[in-house]
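*Asks:* Structure provided below as C-alpha cells; questions to follow.
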Number of protein chains: 2
Amino acid sequence: MVQFVHPSRDDITLEGVLAALSDPMRLRIVKSMVSRHGCMSCTEAAPCPEMAKSTLSNHFRILREAGLIHTEKKGVEHRNVIRQDDIEARFPGLLRTILGFCDEPHQGKD
Amino acid sequence: MVQFVHPSRDDITLEGVLAALSDPMRLRIVKSMVSRHGCMSCTEAAPCPEMAKSTLSNHFRILREAGLIHTEKKGVEHRNVIRQDDIEARFPGLLRTILGFCDEPHQGKD
C-alpha cells in the first residue's frame with residue numbers, strides 16, 4: 001500500500017513552502033486547487049494536459065513534502081486536497097499574497 | 001573588471017524571488033539588509049561569521065540574479081543594496097509578508 005509522507009503542521013517551514021512554490025507549474029497547480037476547493041486527482045489539477053505523468057507526480061510529491069497538499073489513495077487514483085488551514089495557521093496571509101501574483105498562467109512574460 | 005548581472009525590474013519573476021528566498025541563510029541576509037538599509041559588504045551582511053567566503057558569495061549571486069539585490073565593486077569590496085523598490089513595484093507586499101515570518105534567526109524550530 002502506498003504511504004504518503006505529510007509533515008505535521010508544526011513541521012511546515014517557510015523555506016520549504018517557498019521552495020515548493022518557486023516553480024511556475026507548481027504555482028498553477030496550487031492556484032487551481034485553492035480556487036476549485038475539494039479533492040482533485042493529479043490529472044484534474046494538472047497545469048497542462050500534455051504534462052508527463054512522472055513530472056506531474058514529482059510536482060505533487062514536492063508540494064506534499066512541503067506541507068502544501070494532502071494526498072490519499074482512493075482506488076487507483078490519488079486524491080489531493082490543499083492544506084490551506086495548516087498553511088494559514090503557520091504563515092497567515094502568505095499563500096494568498098503569493099497566489100495573488102500568479103493570476104495569469106504565464107505571468108505575462110514567459 | 002567584475003561585471004555583475006542584474007535583471008531589469010520587469011525581468012524579476014515571482015518564481016525567481018521565491019527560489020532565492022527559499023533558503024534560511026538568504027532569508028537572513030535579506031532580512032538584515034532590509035532592516036539596516038544602505039550599502040553592505042558581503043561580510044557585513046553575512047548571516048554568521050564562520051560562513052565560507054565562497055558560500056557567502058554564492059548566496060549573494062543567487063540573490064542578485066533573482067533581482068533582490070544590486071551589487072557594485074568599490075575598491076576591493078562588493079557593496080550590496082537591497083532592490084526593495086523594484087521588488088515592491090513588481091510584487092507589492094511580498095517581501096514584507098515573507099520577511100515577517102522570519103523574525104527569529106532559526107524559525108523557532110531548527
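The values are calculated or read from the model by the stated rules, or taken from the named source; none is laboratory data. Quick caveat: nothing in here was measured; it's all calculated off a predicted structure. Here Cβ is always computed from backbone atoms with ideal geometry, including for glycine, and neighbour counts include all displayed protein chains. The accessibility values were calculated without ligands, DNA or RNA, using every heavy atom of the protein model including side chains. Shrake-Rupley method; radii C 1.70, N 1.55, O 1.52, S 1.80 Å.
*Asks:* Looking only at segment A:21-38, count how many residues are open to solvent by less than 70 Å² (accessible area, probe 1.4 Å) and either closer than 19 Å to B:VAL17 by Cα or modelled with pLDDT under 80 (or both).
*Replies:* 12
*Asks:* Please state which one of B:VAL34, B:VAL81 is aliphatic (A, V, I, L, M), within 19 Å of A:ILE98 (Cβ to Cβ) and away from every other protein chain (no Cβ under 14 Å).
*Replies:* Answer to the selection: B:VAL34.
*Asks:* Answer yes or no: is there a residue in segment A:88-108 that is of a type in the set (Lys, Arg) and over 23 Å from B:LEU99 (Cβ atoms).
*Replies:* The answer is no; no qualifying residue exists.
*Asks:* (1) away from chain B (no Cβ under 14 Å); (2) closer than 30 Å to B:ARG26 by Cα: which one isn't true of A:GLY93, the others all being true?
*Replies:* (1)
*Asks:* Something else about it: All but one of (1) over 11 Å from the mean Cα position of the chain (by Cα); (2) under 29 Å from A:PHE101 (Cα atoms); (3) of a type in the set (D, E, K, R) hold for B:LYS74; which doesn't?
*Replies:* The one condition B:LYS74 does not meet is (2).
*Asks:* While we're on this one: I need the full set of residues from segment A:56-79 which are in contact with a helix residue (DSSP H, G or I) (Cβ under 8 Å, 6 or more places away or on another chain), open to solvent by less than 70 Å² (accessible area, probe 1.4 Å) and either assigned to a helix (DSSP H, G or I) or without any contact (Cβ under 8 Å) to a residue 12 or more places away in the chain (or both), in order please.
*Replies:* A:HIS59, A:PHE60, A:ILE62, A:LEU63
*Asks:* When segment B:39-55 is examined, which residues are found to be open to solvent by 40 Å² or more (accessible area, probe 1.4 Å) and part of a loop (DSSP other than H, G, I, E, B)?
*Replies:* Passing the criteria: B:CYS39, B:THR43, B:GLU44, B:PRO49, B:GLU50, B:ALA52.
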